[in-house]
Amino acid sequence: IKLYSEGVSAKSLGKIYGIRKDKIQKMVEERGLLRTLEESRRTILFNENIFDKIDDKYKAYWLGFFYADAYNSETHGTFTLGLSAKDSDHLKICAKFFGMSEDTVKETITKKGHKVASLKIHSKKFCARLSELGCHQAKSFTIKYPLWLSPKLHNHFIRGM
């Protein structure tokens, strides 16, 4: 129950403890802790508060990178960062930045035969925060430089972008 309330999925707990997922869901539902469908999509724990304050060069860098290459689906609460598979190591560094395991980076082949690597995060809270920071959904022609960013962090943001 404690692990579930901290965000671990029922499916993951089932694997750990050898219990069916639906039994875990019933136990947490009896305690009034069952997550909504949107919340239950999150199967990976990460620091969803990492961008509450942009106060260091790493946060500025990754925010700039997300401005350039991420897709923030506020509607579905899904953040996706996709690159060529040859750049998967960079996504693994990003995963570590969030406090996630490197194996959260998935490599696939597109319909056109291109090898791609992606990092996908499910969190309405995180997606809403990115939007507040200017990295909103469908940003291609509407994104604006974050004038609120501390001048000492501009070069790190630009390097990321």
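Quick notes on this one:
- Of every Cα-Cα pair in the range 112-161, the percent that sits beyond 18 Å: 50
- Chain lengthening between Glu132 and Tyr145 when straightened (0.36 nm per residue, less Cα-Cα): 3.4 nm
- When all protein chains stay in place and ligands, DNA and RNA are ignored, the 1.4 Å accessible-area order of Met161, Met100, largest first, is Met161, Met100.
- By the rule of a C-alpha distance below 24 Å, with chain neighbours fewer than 8 residues away ignored, the lysines paired with Lys111 are Lys86, Lys92, Lys120.
- Angle in degrees between helix 21-30 and the longest Cα principal axis of the chain, rounded to the nearest 10: 90
- Helix 57-69 vs. the chain, principal-axis angle (Cα, 0 to 90°, nearest 10): 90
- Taken over the C-alpha atoms, the range 23-115 has Rg and Dmax values of 16.2, 48 angstrom.
- The equivalent ellipsoid that matches the C-alpha gyration tensor of the chain spans semi-axes of 31, 19, 14 angstrom, in descending order.
The values are calculated or read from the model by the stated rules, or taken from the named source; none is laboratory data. On a predicted model such as this, the values are computed, not experimentally measured, just so you know. Only protein heavy atoms, including side chains, enter the accessible area calculation; ligands, DNA and RNA are left aside. Shrake-Rupley method; radii C 1.70, N 1.55, O 1.52, S 1.80 Å.
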